[in-house]
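Below is one structure, written out as structure tokens; the observations come after it.
What follows draws every value from the coordinates through simple rules; no lab data is involved. Since the structure is predicted, the reported quantities are computational estimates derived from the model, not experimental observations. Quick reminder, even Gly has a Cβ in these numbers, built from the backbone with ideal geometry, and neighbours come from all protein chains shown.
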Amino acid sequence: MLIVKIVFTCLLIGLGSAVLQSRSRQIFSCDDVLNKQIALEFNASQTYLSLSVKESWKEELGHAEKLIDYGVMRGAKVEVPALMKPDHSKWGEMSVCEVLELSLELEKKVNEHLHEIVKCANESKDIQLGSMIEDEFIDEQYETNKFLAELLTKIERNTMQLLQNGTQVSICDGYGLTLVDKELLKSN
Ligand SMILES: [Fe+2]
């Protein structure tokens, strides 16, 4: 009798979970924006990897993983993104400021698209999705963008040089690199 009860309970739990998953699948309607965000996070990760920025590479990979787990949990049609190899032929010639500008542009795209997911969540009245993106991604993304923008401004100001014609230019030289190291150390 006990075995029958256990089997029956297991069947009920299994059935309940299947029904829950099937219902989740029905109400999740932001598959496309979720998949695009996963691709953007992977793309950011690849770019940081090619720039040898190890911490950011792993962080972006973690973001992609979190979104994949969430999509699977919600029954979304999660797709494996097709990734382009970053064009790193000019990395070696770039100044610190140019690398920071590139990172900032990358993060801005990621940030803009996070808001597309929130928009989709609002339109489809998916409160859970909207809250997850706002709580776990948007605040952190804002801090990242702010940090990069402030660091870029700081380096530009600290490496300013006066040219013979009287104009001031930022040279973003080796001193800039030392400053980046110190700031990154502080932020960790
Ligand atoms: Fe990210």
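Summarising the label geometry, the points placed 7 Å from Cα in the beta-carbon direction at N111 and R157 lie 1.8 nm from one another.
Between S170 and Q161, the built amide H atoms are under 5 Å apart, and every one of these is 5 or more places off in sequence or on another chain. Remark: for residue pairs K36/K146; K36/K109; K36/K108, the C-alpha separation exceeds 18 Å in K36/K146. Using the average count of surrounding beta-carbon atoms within 10 Å as a protection proxy, the listed peptides 60-71, 30-41 rank, highest first, as 30-41, 60-71. May I ask for the net charge around D32, where only other residues with Cβ less than 10 Å from the Cβ of D32 are counted and Lys, Arg are +1 while Asp, Glu are -1? Around D32, the surrounding residues sum to -1. For a straight C-alpha distance cut-off of 15 angstrom, the aspartates and glutamates reachable from K90 (same-chain residues fewer than eight places away being disregarded) are E98, E101.
Mind running the shape call on region 36-188? Use the C-alpha gyration tensor, a ≥ b ≥ c as the square roots of the eigenvalues: rounded below 1.5 for a/c, prolate if a/b tops b/c, oblate otherwise. Verdict is prolate for region 36-188.
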